[in-house]
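The values are calculated or read from the model by the stated rules, or taken from the named source; none is laboratory data. Quick caveat: nothing in here was measured; it's all calculated off a predicted structure. Reconstructed Cβ throughout: ideal geometry from the backbone, glycine too, with neighbour counts over all protein chains shown.
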Amino acid sequence: MTTATPEPGGSVPPMPEYTPKALRAAIAAHTPDLLSDFDDTWRQQIADAYDIAPVPAFMARWWGEYALARDPELDRHVSDLEKRAAEATDAEAARKLLDEASRIRHELREREPGE
């Protein structure tokens with residue numbers, strides 16, 4: 001799911017305000033390859049809902065996706081970990097690779113606006 005669009009000059013843009021609108025704007029500006037999936041998921045999970053209960057889960061998922069995709073080097077690293085895990089013939093080695101990728105993704109979901 002993660003696709004990175006390198007920033008001119010190699011800088012990582014800051015995390016936006018923690019709202020769906022601000023997150024969508026950041027995705028459109030810095031990781032446009034994610035925009036279609038973001039919009040599709042929004043329409044499927046939120047737009048027609050009569051209850052806002054799914055919004056926190058939606059935001060948590062997409063906050064992490066954007067946090068990773070905005071950093072092309074880190075995105076490549078996590079993708080490499082996941083690829084190596086998929087190709088591993090040793091279950092323990094695969095687990096360690098996936099644990100590392102998961103740890104990185106979890107840490108990214110903890111980013112604050114402006115970081």
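Residue 70 versus (1) closer than 18 Å to residue 115 by Cβ; (2) over 12 Å from the mean Cα position of the chain (by Cα); (3) of a type outside the set (Val, Ile, Thr): which is the lone unmet condition?
Looking at each condition in turn, residue 70 falls short on (2).
Determine which member of the set 115, 92 is of a type in the set (D, E, K, R) and over 17 Å from residue 19 (Cβ atoms).
Step by step, each of 115, 92 is checked, and only 92 is of a type in the set (D, E, K, R) and over 17 Å from residue 19 (Cβ atoms).
Considering each of 46, 52 in turn, give the residue that is among the hydrophobic types (A, V, I, L, M, F, W, C) and modelled with pLDDT under 90.
52
Tell me, please, whether a residue that is on the phi > 0 side of the Ramachandran plot, exposed (fewer than 13 other Cβ atoms within 10 Å of the Cβ) and modelled with pLDDT of 95 or more can be found in the range 100-114.
Looking through the range 100-114, at least one residue is on the phi > 0 side of the Ramachandran plot, exposed (fewer than 13 other Cβ atoms within 10 Å of the Cβ) and modelled with pLDDT of 95 or more.
Suppose we keep only residues that are free of Cβ contacts under 8 Å to residues at least 12 places away in the same chain and of a type in the set (A, V, I, L, M, F, W, C) within the range 23-56. Which one would you say is farthest from residue 112 (Cα to Cα)?
Only one residue tops the list, namely 49.
Regarding the range 59-68, can at least one residue be identified that is free of Cβ contacts under 8 Å to residues at least 40 places away in the same chain and either of a type in the set (A, V, I, L, M) or more than 15 Å from residue 15 (Cα to Cα) (or both)?
No, the range 59-68 contains no residue that is free of Cβ contacts under 8 Å to residues at least 40 places away in the same chain and either of a type in the set (A, V, I, L, M) or more than 15 Å from residue 15 (Cα to Cα) (or both).
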